[in-house]
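What follows is a single structure, written as structure tokens, with notes after it.
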Amino acid sequence: MATWAAEAERPQPKPRPAPRAVKRPQRRVASGVVWIGVVAVLLAGVVALNVAVLRLNMQLDRLARERADLRAQNAALSVQLSSQASAPRIQRLAAKRLGYVQATPDQTSYVTLPH
């Protein structure tokens, strides 16, 4: 029984008072609003960046089509130039406009130059 008596003589710890209501929930709410604002600004930035990239891609696509068209026009002009500069066409124009005729082999003479 001595243990019961020693236990009874020992001072008992005072019960802790009930914790007071802390104003932390309001701080958490304010912090949450700030985070929502930060995330919203970041998302708006990502959307703006994607729109800018989309515009650049559309411009690059337009320029690529324009380049392909210009290359096709260059090829067509090259064909036209080569056909305009062809020998049969020039011979026809010389005969038609100027009255020239092609020389026959017996009308052709050769000159031999000394070395």
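Bear in mind that the values in this text are calculations on the coordinates, not laboratory data. Everything numeric in this text was worked out from a predicted model, so none of it was measured. Here the Cβ positions follow ideal geometry from the backbone for every residue, glycine too, while neighbour counts run over all protein chains shown.
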Normalized C-alpha radius of gyration of segment 29-97, against 2.2 N^0.38 Å?
-> 2.68
Once phi for every residue in segment 71-83 is put through the Karplus expression 6.51 cos²θ - 1.76 cosθ + 1.60 (θ = phi - 60°), the whole-Hz ³J(HN,Hα) values, with Gly and Pro written as x, are 5, 5, 5, 4, 5, 5, 5, 5, 5, 4, 5, 5, 6
The extension gain from VAL39 to THR104, computed as 0.36 nm times the residue separation minus the Cα-Cα distance, is 14.3 nm
Determine, for TYR100, TYR110, the number of other Cβ atoms within 10 Å of each Cβ, and report the residues in order from fewest to most.
-> TYR110, TYR100
